[in-house]
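This report concerns only the one structure given below.
The values are calculated or read from the model by the stated rules, or taken from the named source; none is laboratory data. Keep in mind that this is a model prediction, so the values were computed, not measured. Cβ placement follows ideal geometry from the backbone for every residue including glycine, while neighbour counts extend to all protein chains displayed. With ligands, DNA and RNA removed, areas are computed over all heavy atoms of the protein, side chains included. Shrake-Rupley method; radii C 1.70, N 1.55, O 1.52, S 1.80 Å.
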Amino acid sequence: MAQTVQPFRLGVAPHTSARVILEMYQPLRLHLEQALGKPVEVVTAPDFTEFARRMMHLDYDLAITTGHQARLAQTDAGYTPLITYIADFRAVTLVAGDSKVKQISDLKGKQVLGLSSTSLVTLWGQHWLKSNGLSQPLRYISASDSVAHLILENQAAAGFASLANYQSLPRELQSKLRFLAISEPMAGRVYMLNPQQLALKSTLDSALQNFAQSDSGKSYFVKYKLDGYRMLKPKELEAMDPFAAEVRQTLK
């Protein structure tokens with residue numbers, strides 16, 4: 001009896017809904033299937049904390065996650081960074097366009113939304129609040145589009161999201177929101193290779209470069225405003241150590 005081929009598991013951090021993630025990574029999934037000669041499945045997790053936990057248990061053959069979790073995977077689980085996106089990764093604080101919140105002090109005592117306690121945009125947002133003397137607890141939401149809707153429904157005064165996810169919202173939603181703050185560039189989504197899959201590194205390196213040059217890859221970069229792939233800069237992941245430490249503490 002023929003052995004069942006185990007699919008290659010492409011784990012994507014839950015930066016938006018599972019449905020959108022599956023759609024977004026379909027072109028890459030098909031390309032990797034061809035390059036690897038085996039089934040590839042795109043998987044995610046209910047939230048960033050569970051994604052980090054599964055990643056640390058080596059559940060993903062290739063994980064795509066923001067820089068702080070990528071750094072934790074590198075230092076604590078032996079993952080190897082392969083590539084990231086050219087487009088800057090920034091966190092933003094969103095408020096309704098007609099909101100009376102004009103500066104951070106206006107948020108005192110008001111409801112603020114995050115994506116989960118271990119997402120990079122949420123950790124950045126908590127640091128931003130604390131550095132400005134605010135310490136209210138956050139309400140955690142599963143996806144950026146939910147953050148936008150809850151703000152516009154007056155169920156929250158503000159919420160944290162990535163700039164890329166804001167740009168992926170429908171234009172009508174974008175037009176009803178504005179930025180209260182925007183972060184400096186940080187290490188964005190990084191492709192991290194499971195230490196048990198190191199034999200595939202050169203194959204994956206070539207496959208990702210070929211995907212970037214393909215019509216489907218170019219369309220993917222344009223649609224999601226990612227601008228293409230690039231190698232990580234020296235010390236880029238090391239700069240994420242303070243945020244990685246917070247995820248490590250949460251997972252204990």
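Cβ neighbours within 10 Å, averaged per peptide: list 41-52, 158-169 in order, most packed at the top.
Working: 41-52: 20.2, 158-169: 23.0.
So the order, starting with the most tightly packed, is 158-169, 41-52.
Which value, in debye to the nearest 20, describes the size of the charge dipole of the stretch 184-252 about its Cα centre when Lys and Arg Cβ atoms bear +1, Asp and Glu Cβ atoms bear -1, and nothing else is charged?
On the way: 10 positive and 8 negative charges, 26 e Å.
Dipole of the stretch 184-252, to the nearest 20 debye: 120 debye.
On the protein heavy atoms, probe 1.4 angstrom, tell me the percent of accessible surface of the chain carried by carbon and sulfur.
Values: 5980 of 11840 Å².
Carbon-and-sulfur percentage of accessible area, whole number: 50.
Just the number, please: percent antiparallel of the DSSP beta bridges in the stretch 47-162, rounded to the nearest 5.
Working: 4 of 9 bridges.
If we restrict to bridges inside the stretch 47-162, about 45 percent are antiparallel.
Tell me which of Ala207, Val112, Phe160 sits at the most positive position along the dipole axis of the chain, charges placed on C-beta atoms (Lys, Arg +1; Asp, Glu -1).
It is Val112, whose Cα lies furthest towards the positive end.
Percent antiparallel among DSSP beta bridges with both residues in the chain, to the nearest 5?
Once the DSSP bridges in the chain are tallied, antiparallel ones form about 60 percent.
Starting at the first residue of the stretch 230-236, write each ³J(HN,Hα) from the Karplus equation 6.51 cos²θ - 1.76 cosθ + 1.60 with θ = phi - 60°, in whole Hz, x for Gly and Pro.
8, 6, 5, 7, x, 6, 5
For the chain, what is one quarter of the convex hull surface built on the Cα atoms, given in nm²? Could you put the intermediate results ahead of the total?
On the way: hull surface 57.0 nm².
Approximately 14.2 nm², given one-decimal rounding.
Given the pairs Lys223/Lys252; Lys110/Lys130; Lys38/Lys218, which are separated by over 26 angstrom at their Cα positions?
Details: Lys223/Lys252 38 Å; Lys110/Lys130 14 Å; Lys38/Lys218 23 Å.
From Lys223/Lys252; Lys110/Lys130; Lys38/Lys218, over 26 Å: Lys223/Lys252.
If you scale each eigenvalue of the Cα gyration tensor by 5 and take the root, what three semi-axes come out for the stretch 134-240, rounded to whole angstrom and sorted largest first?
Details: eigenvalues 213, 71, 33 Å².
Computed over the stretch 134-240, the values are 33, 19, 13 Å.
When the Cα atoms of the stretch 36-126 are enclosed in a convex hull and the volume is divided per residue, what value in Å³ results? Please report the intermediate quantities before stating the final value.
Working: hull volume 14.1 nm³, N = 91.
Hull volume over Cα atoms, normalised by residue count, gives 154 Å³.
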